[in-house]
Amino acid sequence: MTSAYSTDGQYIHPSILNADFMAIGAELDKIASADSVHVDVMDNHFVPNLTFGASMVEQIVERSAIPVDAHLMIENADTQAPLFAEAGAASVTFHLEAAAAPVKLARDLRRKNAQAGVALRPATAVEPLLDIIGEFDMLLIMTVEPGFGGQSFLETMLPKIRRARKAIGEANLEVSIQVDGGVSRETIERCAEAGANVFVAGSAIYRARDAAEEISALRELARAHGAH
């Protein structure tokens, strides 16, 4: 499976949280022109919502024409996250708040042939992570409170994105910055200008008249305003 993202472009990862799960095959086909499918895994403990586990992710991997980017909003990430790499996800992102040994976990994920991402809730500062950011392939900065789709974008996260991008650039590291929450044609430009290069969009794509057209429009806006 090809990589879910890299640092040399602008990438659109539609979230299937807003998809029709009774027709998941057709819903995956709608977004085949995207760079990866973003799968939100929730355990009703770390966040107050419940979706699905590793077995469902494995089925999505088998059905999807594009790589799977798994975002784990779950407790006990140290023991649970490797299961999603084993299920075939090209990228596995766990929350820093849910990991006891994030560096070890990132290395475990890479050994299982998955890219390793680390996510931060809006209230979690990025600065303590910067000393070890090179251990990860991607930093996910949540631009809404995790747990539910359709929330409004938090403008207050833009300075956090800028600080992270500045630190990554100064260290000469190849680490992508993903944003997730409220990403749309109205907000993607500001995210790209701040330094994000991987964009999770759920409602904007699945509520659009034409999902492929929306993916293309978002990608072009990100490319036009990308910081690097």
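The values are calculated or read from the model by the stated rules, or taken from the named source; none is laboratory data. Note that the coordinates shown come from a computational prediction; the quantities given were computed from them, not determined experimentally. Here Cβ is always computed from backbone atoms with ideal geometry, including for glycine, and neighbour counts include all displayed protein chains.
Looking across the range 16-59, the residues that are within 27 Å of L218 (Cα to Cα), among the hydrophobic types (A, V, I, L, M, F, W, C), surrounded by 15 or more Cβ atoms within 10 Å (Cβ to Cβ) and out of contact with any strand residue (DSSP E or B) (no Cβ under 7 Å at 6 or more places or on another chain) come down to A19, I24. Just one of the listed residues (S91, S152) is among the small types (G, A, S) and closer than 28 Å to V61 by Cβ, and it is S91.
Tallying residues that are over 13 Å from the mean Cα position of the chain (by Cα), closer than 20 Å to E193 by Cβ, in a loop (DSSP other than H, G, I, E, B) and not polar (S, T, N, Q) within the range 136-171 yields 2.
Scanning the range 79-95 for residues that are surrounded by fewer than 21 Cβ atoms within 10 Å (Cβ to Cβ) and either within 19 Å of G134 (Cα to Cα) or of a type in the set (D, E, K, R) (or both) gives a single hit, E86. Residues that are surrounded by 15 or more Cβ atoms within 10 Å (Cβ to Cβ) and outside any strand (DSSP E or B) within the range 118-133 comprise R121, P122, T124, V126, L129, L130, I133, listed in sequence order.
As for the range 175-197, it holds no residue that is under 29 Å from N18 (Cβ atoms), at pLDDT 95 or above and in contact with an Asp or Glu (Cβ under 6 Å, 6 or more places away or on another chain).
Considering the range 172-190, and only residues there that are under 12 Å from the mean Cα position of the chain (by Cα) and of a type outside the set (A, V, I, L, M, F, W, C), the residue that is surrounded by the most Cβ atoms within 10 Å (Cβ to Cβ) turns out to be Q178.
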